[in-house]
Amino acid sequence: MPMTLEVETGQFVQANGLKIHYHALGEGKPVVMLHGGGPGAAGWSNYSRNVKPLARTFRTIVIDLPGFGKSDKTASQGSVFEFMSDAVVGVMDALKIDKASFIGNSLGGGTSLKTCVRHPDRVDRMVLMGPAGSLPMFTMLPEGMRLLRSYYGGTGPSLEKLKTFLEYLVFDPSQISEELLQARYELSCDPQVIANPPMKNMGKQLPADQLWRDNLSALPHKTLLVFGREDRTVPLDAAFILLRTLRNATLHVMPNTGHWAQWERAEEFNRLCEEFLA
């Protein structure tokens, strides 16, 4: 049986003392793609509708962040974004990538922004979809974020809890296939992940993870903020402080779209990224 593209492109590298799994496709300007932090998340499942089209133009590097996918199941002991950022920069060093553009969703968006704050010379442009770490102006605790934080609590992981969470990521729940649900559920039930959930510190609101407190106005990088109008995990009002403080930020809002803009509106999203990053 021939290998699938997902298996064929998967590789491992040592980065910042961790074994990190990633996919590499295409040639050209390097683009690092970072996934969100929901239960069972991984780079390929997050970007399965985007990586092949973008690889026609760019050298795409799709990373499984620490604690996710096939990477080492290690969680941060302090700042989640600093921990993830260290791993990403370690991957870039190992692959001899001096500078790359970033595409980041949720946790991956916050990690991209933290990397830019700490290593501005390593970042070209950024596409941030519903990035975590911002400050919603009107929403206290979105339901999707509450479900994410409670997934490993109580009775622990379950297919029903995961299905409910994933349906909060999208505007149209029919977009969540049984194949995606099962794949993410299996990853979320890894005993190492249950013992040490990679997002356990996100609820602590450490100052280093409150990205709106960083000196974002010092960043000259061109940034495209992509938000689903109906996002119930990182709501649209979380875009406003980033739009105000990032000097070269543009906001693109997709109607009838939730937290997974790259999945629900893949064709539009791919076109936006190609035009913005080229």
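The values are calculated or read from the model by the stated rules, or taken from the named source; none is laboratory data. Keep in mind the model is a prediction, meaning the values are calculated, not measured. Cβ sites come from the backbone with ideal geometry, for glycine too, and all protein chains shown count toward neighbours. The protein model used for the area step is the full one, side chains on, heavy atoms only, and it has no ligands, DNA or RNA in it. Shrake-Rupley method; radii C 1.70, N 1.55, O 1.52, S 1.80 Å.
Worth a mention:
- Phi-derived couplings, Karplus 6.51 cos²θ - 1.76 cosθ + 1.60 at θ = phi - 60°, listed residue by residue for region 103-113: 10, x, 10, 6, 3, x, x, x, 5, 4, 5 Hz, with x used for Gly and Pro.
- Distance from region 33-110 to region 169-223 (C-alpha centre basis), Å: 11 Å
- Across the options Gln262, Val32, Pro207, the greatest Cα extent toward the positive end of the charge dipole of the chain (unit charges at beta carbon of Lys, Arg, Asp, Glu) belongs to Pro207.
- MRE, 222 nm, helices only [DSSP H, n ≥ 4, -39500 (n - 2.57), over the chain, to nearest 500]: -9500 deg cm²/dmol
- A simple packing score, the average count of other Cβ atoms within 10 Å per residue, orders the peptides 61-72, 134-145 as 61-72, 134-145, with the highest score first.
- Rounded to the nearest 10 Å², the accessible area of Cys189 at probe 1.4 Å: 40 Å²
- Whether the chain is rounded, prolate or oblate, judged on the alpha carbon gyration tensor where a/c under 1.5 counts as rounded: rounded
- Within the assembled protein chains, the solvent-accessible surface assigned to Asp231 is about 10 Å², based on a 1.4 Å probe.
- Rounded if a/c under 1.5, otherwise prolate or oblate - region 145-278, Cα gyration tensor axes: oblate
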